């Protein structure tokens, strides 16, 4: 796992990547239902939940990589990771309501909110374990 984390730290620590990922999430979740591919082609039950886990896990992890690159003290880094987790979870909830009320042919799905929070939670844990704690051990 360490080589993969080091790869992300080296190549994805610029602000561009989490901002781009955030924009991609907002764009994808704002597309009208008529522009979405038919899920029956994937033959994977609940495939959209896997997508939501990946989108919001990526959101929290990429913002975590960026925050980690700033070399804040461990306590501040952990607090910022928690804020990013909260923002990611809130974004997932807000986007479901945006889909319900403002995007044609899109529905509100509590399962999507749960998947968003699961993805954000997994990435939050990974960020805490593999980014902040490892960084603190290296600086000691």
- prompt: Most fluctuating residue of 91, 20, 29 in a GNM of the chain with Cα springs under 10 Å: which is it?
  reply: 20
task: Between residue 28 and residue 126, take the C-beta separation as r, use R0 = 35 Å, and let me know the FRET efficiency to the nearest 0.05.
output: 0.95
- prompt: GNM, the chain, Cα, under 10 Å: largest mean-square fluctuation among 33, 64, 54?
  reply: 33
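Of 71, 14, how do they rank once you tally other Cβ atoms within 10 Å and put the fewest first?
Values: 71 9, 14 12.
Final ranking by Cβ density, sparse to dense: 71, 14.
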task: Set the Förster radius R0 to 25 Å, insert the Cβ-Cβ distance between residue 10 and residue 83 as r into 1/(1 + (r/R0)^6), and round the FRET efficiency to 0.05.
output: 0.55
Highest-MSF residue in the chain out of 35, 95, 105 [GNM, Cα springs under 10 Å]: 35
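Every number here is computed from the coordinates shown, using simple stated rules; none is lab data. Note that the coordinates shown come from a computational prediction; the quantities given were computed from them, not determined experimentally. All Cβ positions, even for glycine, are placed from backbone atoms using ideal geometry, and neighbour counts span all protein chains on display.
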